[in-house]
Structures are given as C-alpha cells and as structure tokens.
Amino acid sequence: MLKACSRCGRVHEYGQCSISAIPYNRKKIANDITRFRSSRAWQRKRKTILERDAYLCKLCLYNNRLNSKGLEVHHIIAIKKNAELKLDDRNLITLCRDCHELVEDDSSYQSLLTRLASIPPGKII
C-alpha cells in the first residue's frame, strides 16, 4: 500500500523511506526551542530588544541604511549551541528578515553582530 511519507514528502510503500527518522534528542531540542519562542519571557525580551534597537535593523544601520520593515530578533549564538544565552541582551540583536537570513548560518558575522548589539541606538557606528 502506498502512503505519503512524513519524512521525505514522497509517496512510496510504508516503511520504505531511505531517510532515517530524526533522532529523539534533536526532536526534543526543536520542541523546546519552539515552546520557548511562544513563551511570555521570550515575547517580553523580544519587545525589549526591539525597543533597545529603536525598531531598526542594526546591520542595515551599520551599512548606512535605515530599515524598520520585517524586523526579527536574532540570537547571535544560537539557542541550540548555548541555551543559557537565550535571554541575554548581549546575545540578541534586531535584524530585518533579509539580514537575518544572511547571517543565520554564517559564523563570520558573529563578532560584528556582538559589537553592534552593544552599541546604543543613538551612537554613531
């Protein structure tokens, strides 16, 4: 009997998927992060960081552009790498969606973002 596979999205015989299941501990980490992102603590912290950064993308500002559209709060050091820093102001920065995608998996931006997160919004970079 053919079934739509929840792992690969293809249709094949049940149990015939070549993609192995996600290990339990990776699922648990993903679920914990998802729960955290909907928590009151994160929502309050996110608002605090947006206010601290004057509702502007700090990387755009560094590149002499003012951008207040599609703002997200980015963890400079990812939650899955160090969960203790998930609510640390020094580890959080406001980025627009485009900049967030740019820096998401590129560790070369880490030192710049750390420096930008510590600069008050009124100061010239």
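The values are calculated or read from the model by the stated rules, or taken from the named source; none is laboratory data. All of these numbers come straight from a predicted model, not from anything done at the bench. Cβ: placed from backbone, ideal geometry, glycine included. Neighbour counts: every protein chain shown. Just the protein is used for accessible areas: all its heavy atoms, side chains included, with ligands, DNA and RNA removed. Shrake-Rupley method; radii C 1.70, N 1.55, O 1.52, S 1.80 Å.
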(message) Quick check on the chain: helices-only [θ] at 222 nm, where DSSP H runs of length 4 and up contribute -39,500 (n - 2.57) each and the sum goes over total residues. Nearest 500, please.
(response) -11000 deg cm²/dmol
(request) Leaving ligands, DNA and RNA out of it, rank Lys45, Lys58, Lys80 by accessible area with a 1.4 Å probe, largest first. (result) Lys80, Lys45, Lys58
(request) Please report, to two decimal places, log10 I(q)/I(0) for the chain at q = 0.21 Å⁻¹ as given by the Debye formula with identical point scatterers on the Cα atoms and no solvent. (result) -1.16
(request) Summarise the accessible area of the chain (1.4 Å probe, protein heavy atoms) by the percent that is carbon and sulfur. (result) 51
(message) Given an 8 Å cut-off on Cα distances and at least 6 residues of separation, report the relative contact order of the chain as a percent.
(response) 20
(request) Treating only the Cβ atoms of Lys and Arg (+1) and Asp and Glu (-1) as charged, compute the dipole magnitude of segment 29-77 about its Cα centre; round to the nearest 20 debye. (result) 160
(message) Just to be sure I understand: with springs between alpha-carbon atoms less than 10 Å apart, which residue in Ser38, Ser107, Ser18 has the highest mean-square fluctuation in the Gaussian network model of the chain?
(response) Ser18
